[in-house]
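As structure tokens, the structure follows; a few thoughts come after it.
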Amino acid sequence: MENKQSIFSPVLRLTAATIVLCGLVYPAVVTGVAQAVMPDKADGSLIYNSENEVVGSKLIGQNFQDPSYFHGRVSSIEYKSEASGSNNYAPSNPNLLERTEETIQKWKEQDPTVPVTEVPIDLVTNSGSGLDPHISPEAAYVQIERVAKYTNISEEKLKDLIKSHIEEPELGMFGQEKVNVLELNLALQKLKK
């Protein structure tokens, strides 16, 4: 009996130490450093409206259907962050063709004056995560006519609004120019007032 205790005693101590270090100390240190160095990102990059209420995150897109707002990318998961991912259809999959045709049909209904051949690909395709909050500047510009029609804001003002929300590539070379749709639509709301 005493021999068994001597065998299990170091194992139990090591397990307890590992739990404390990996389960409590390490997460506390990482959280503390993140809060000190980049508090906005550590808190989820939250976006607040004019009443200081959380309306979303810079990292997760939202499904804007109202024609008076700019629309983001297609999301097969309806931007539900707990279900990140997409259907991952191959180009030869008939389901991809069907979903793309549905998206194009919606485009034709909401933006009948813009030919389908001028629609940027990011407005009719999923991102890999299904959560992408950004569109290309071209995808924002192509929606100006519809948004102007429903908001009575001049197309020139909308162009300036988009220009002011273009995010440059990281460090000037990683990625592409992009526009955060939620931030753009919040600025649009301010213009509507």
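Quick notes on this structure:
- Taking the listed residues 69, 48, 26, the one that is aromatic (Phe, Trp, Tyr) and more than 26 Å from residue 143 (Cα to Cα) is 26, with no other qualifying.
- Residue selected from region 68-81 under the condition in a loop (DSSP other than H, G, I, E, B) and hydrophobic (A, V, I, L, M, F, W, C), by the criterion modelled with the highest pLDDT: 70
- Test for residue 132: is it touching a Lys or Arg at 6+ places or on another chain (Cβ under 8 Å), acidic (Asp, Glu), in a helix (DSSP H, G or I) and in the same structural domain as residue 184 (by TED's automatic domain parsing): no
- Pairing residues of region 123-145 that are under 17 Å from residue 159 (Cα atoms) and in contact (Cβ under 8 Å) with a residue 12 or more places away in the chain with residues that are assigned to a loop (DSSP other than H, G, I, E, B) and charged (D, E, K, R), at Cβ distances under 6 Å and at least 6 apart in sequence or on separate chains, gives 137/177.
Conditions tested, residue by residue: (1) assigned by TED's automatic domain parsing to the domain that holds residue 146; (2) within 30 Å of residue 148 (Cα to Cα); (3) in contact with a strand residue (DSSP E or B) (Cβ under 6 Å, 6 or more places away or on another chain).
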{"site": "76", "(1), (2), (3)": "yes, yes, yes"}
{"site": "94", "(1), (2), (3)": "yes, no, no"}
{"site": "97", "(1), (2), (3)": "yes, no, no"}
{"site": "101", "(1), (2), (3)": "yes, yes, no"}
{"site": "111", "(1), (2), (3)": "yes, yes, no"}
{"site": "114", "(1), (2), (3)": "yes, yes, no"}
{"site": "117", "(1), (2), (3)": "yes, yes, no"}
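- Among residues that are farther than 24 Å from residue 175 by Cα, acidic (Asp, Glu), surrounded by fewer than 17 Cβ atoms within 10 Å (Cβ to Cβ) and within 15 Å of the chain's Cα centre (by Cα), residue 78 is included.
- The one condition from (1) over 29 Å from residue 150 (Cβ atoms); (2) within 12 Å of the chain's Cα centre (by Cα); (3) among the hydroxyl-bearing types (Ser, Thr, Tyr); (4) at pLDDT 85 or above that residue 84 does not meet is (4).
The values are calculated or read from the model by the stated rules, or taken from the named source; none is laboratory data. The shown structure was predicted, so the numbers you read here are calculated from the model rather than taken from an experiment. Note that each Cβ is placed from the backbone with ideal geometry, even for glycine, and that neighbours are counted across all protein chains shown.
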